[in-house]
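What follows is calculated from the coordinates using simple rules that are stated; it is not laboratory data. Source: prediction; values computed, not measured. Positions of Cβ are generated from backbone atoms using ideal geometry, with glycine treated the same way; all protein chains shown enter the neighbour counts.
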Amino acid sequence: MTETPVLSPVEVLELFPLGTRVDEKGQLWLGGCPASSLAQEFGTPLYVFDETTLRDRCRAYRRALTEHYPGQSQVAYASKAYLNLALAQLFAQEGLNLDVVSAGELYVARQADFPPERIHFHGNNKLPDELAAALDEAVGRIVVDNFHELNLLERLAAERGVRVPVWLRLSPGVDAHTHSYRKTGLLDSKFGFPLETGDPDERGAGSAQRALAHAVASPHLELVGLHAHIGSQIFDVEPFVLAVTRLVEFAATMKADHNFELRELSPGGGWGVAHHETAPPASVDRYVRAVCQAVIEGCRRHGLALPTLVVEPGRSIVGPAAVALYRVGARKEISGVRTYVSVDGGMADNIRPALYGARYARYTALVVGKADQPGEETVTIAGKFCESGDILIRDVTLPRLAAGDLLAVPGVGAYCLSMASNYNLVPRPAVVLVREGQANLIQRRETLHDLMARDLPLPP
């Protein structure tokens with residue numbers, strides 16, 4: 001039988017934000033703040049974002065693009081991973097652009113005074129009011145996903161007497177090796193105009209060409225670029241290279257057929273981050289270098305000028321920057337089967353394990369105050385919500401847990417809070433930003449009063 005690997009504190013901390021440390025008493029420190037003090041002051045569950053890690057991840061992308069791409073380039077943060085007022089302000093300071101997919105994300109961005117010309121509006125079914133808001137805010141780019149949206153946007157632009165800069169989102173037919181829920185670049189996808197050629201009446205083939213011809217001919221749309229997104233949590237560069245190759249080939253064909261000039265190109269985002277100790281290395285530099293080389297080689301092959309290259313990381317910026325702190329409660333031991341240890345959070349603040357089997361560190365969650373101790377038992381960390389599937393981590397090896405202990409789970413910055421719910425009418429957690437020993441509340445904990453803010457009484 002293979003022995004359960006036991007990692008040292010140094011190996012464990014590789015999945016935590018920069019500067020995380022364990023002191024001689026087994027206490028965990030995040031951004032210069034003791035985790036136990038953060039939990040005491042702000043309560044649990046608590047999401048702790050490390051500012052240094054956030055800024056470092058932003059700069060890693062910008063640095064890699066500068067090093068590997070001789071043309072103009074931009075980094076656009078994908079807001080769907082998680083956005084609030086403070087983070088929007090931070091990304092603005094770091095010189096990033098911002099991808100939004102709803103009127104809500106656009107509203108938060110503008111409340112943060114994020115420059116509208118640096119905002120891209122994505123989505124597969126933008127509502128008329130959302131497109132109108134995007135036009136009225138004069139966002140930098142609207143990414144058109146389908147013919148319904150193409151016609152709707154054209155009408156709204158005509159009513160305002162403006163010409164709107166747009167990208168077309170294409171579906172390049174690339175199978176990214178990830179969970180089926182995270183694949184977005186296949187022919188069988190709700191996103192984008194398919195690139196497949198052939199009979200326009202079968203399988204949507206030829207729709208990308210027809211959409212481009214429509215956009216190029218429109219007096220109210222300015223087609224400046226092409227966009228694709230093939231999925232997320234991808235650790236292999238080859239699917240990205242293939243997607244870029246197909247986009248550039250398409251641009252070259254459209255230049256010949258419709259005099260289209262590719263000025264901007266975005267192969268999207270989706271580069272993976274490690275959530276557990278067996279995940280493959282995920283160097284930002286390796287990903288960016290591969291994408292840049294694919295664009296450069298494709299443009300050289302087809303005689304195209306280098307477009308402005310836009311990459312759209314979300315998870316790989318915020319994911320590694322946050323730690324969730326949970327308080328341990330009930331314990332259930334089933335002899336010869338499993339030991340369940342429940343915490344005060346779960347699927348309402350982190351739906352990812354239940355939704356698509358996301359796996360967190362099997363051997364590397366830490367017990368605050370015991371972080372220097374070896375594992376004594378293998379347990380399954382369960383949430384407090386009324387679902388059997390409310391499991392955060394299966395079979396994690398930890399020091400023996402008791403009620404009141406504090407558990408730290410790394411890698412939770414992306415898609416946990418953005419998909420959080422009030423299931424069982426439980427208020428959503430607070431969020432703090434830490435740096436150099438300072439902790440600032442950037443999203444307060446919901447209250448019971450908040451839960452009823454939209455409710456109205458039964459009519460008489």
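In which sequence would 49, 16, 235, 114 go, from the one with the fewest C-beta neighbours within 10 Å to the one with the most? Each step should come with its number before you reach the end.
Working: 49 29, 16 26, 235 18, 114 23.
Exposure proxy ranking, most exposed first: 235, 114, 16, 49.
The distance from the alpha carbon centre of the range 28-52 to that of the range 323-362 is 20 Å, rounded to a whole number. Using a Förster radius of 30 Å, what is the FRET efficiency between residue 72 and residue 52 based on their Cβ-Cβ separation? Nearest 0.05, please. Given R0 = 30 Å and the Cβ-Cβ separation, E is 0.60.
Between rounded, prolate and oblate, where does the chain land on the alpha carbon gyration tensor, with a ≥ b ≥ c its root eigenvalues, rounded for a/c under 1.5, else prolate if a/b exceeds b/c? Intermediate values should be presented prior to the final figure.
Numbers: a/c = 2.01, a/b = 1.69, b/c = 1.19.
Taking the square roots of the gyration eigenvalues as a ≥ b ≥ c, the chain is prolate.
Which residues in the range 204-247 place their backbone N less than 14 Å from a point set 7 Å from the Cα of residue 253 along the Cα-to-Cβ direction? The answer is 204-213, 245-247, whose backbone nitrogens lie closer than 14 Å to the label point. Calculated FRET efficiency, residue 400 to residue 283, Cβ-Cβ distance, R0 = 35 Å: about 0.40 to the nearest 0.05.
Within a Cβ distance under 14 Å of residue 25, other residues only, what is the Lys/Arg minus Asp/Glu net charge? Could the numbers behind the result be given before it?
Numbers: positive: 21, 370; negative: 23, 24, 372.
That sum, taken over residues with Cβ under 14 Å, equals -1.
For the chain, no complete DSSP H run has alpha carbons reaching 18 Å or more along its own long axis together with a mean Kyte-Doolittle score of 1.0 or higher. Among 145, 395, sorting on how many other beta-carbon atoms sit within 10 Å of each Cβ, with the fewest leading, yields 395, 145. Among beta bridges identified by DSSP and lying wholly in the chain, the antiparallel ones come to about 45 percent. Note on the range 387-460: Kirkwood radius taken over Cα pairs, Stokes-Einstein applied at 10 °C and 1.306 mPa s, translational D equal to 99 µm² s⁻¹. Counting Lys and Arg as +1 and Asp and Glu as -1 over every other residue whose Cβ lies under 11 Å from the Cβ of residue 267, the net charge comes to 0. As a length-normalised measure over Cα pairs under 8 Å and 6 or more apart, the relative contact order of the chain settles at 20 percent. Extension gain, residue 423 to residue 454: 0.36 nm times the residue separation minus the Cα-Cα distance gives 9.6 nm.
Partners of residue 190 within straight-line reach, counting aspartates and glutamates whose Cα lies under 14 Å from its Cα and excluding those fewer than 8 residues away in the same chain: 145, 149. Other residues lying with their Cβ under 13 Å from the Cβ of residue 242 contribute a combined charge of -4, Lys and Arg counting +1, Asp and Glu -1. Across the range 218-225, coupling constants 3J(HN,Hα) worked out from phi with the 6.51/-1.76/1.60 Karplus curve, θ = phi - 60°, read 6, x, 10, 10, 10, 7, 10, x Hz, and Gly and Pro carry x.
Only DSSP H runs of four or more residues enter the estimate; each adds -39500 (n - 2.57), and after division by the residues of the chain the mean residue ellipticity at 222 nm equals -8500 deg cm²/dmol.
Please work out the ratio of the alpha-carbon Rg of the range 231-370 to 2.2 N^0.38 Å and round it to two decimals. Working shown, then result.
On the way: Rg = 21.8 Å, N = 140, 2.2 N^0.38 = 14.4 Å.
For the range 231-370, the normalised Cα radius of gyration is 1.51.
The ranking of 283, 418 by Cβ neighbour count inside 10 Å, starting from the fewest, reads 283, 418. The slack in the chain from residue 159 to residue 444, taken as 0.36 nm per residue of separation less the alpha-carbon distance, amounts to 98.5 nm.
Available extension along the chain between residue 136 and residue 386 is 85.6 nm, counting 0.36 nm per residue and deducting the alpha carbon span.
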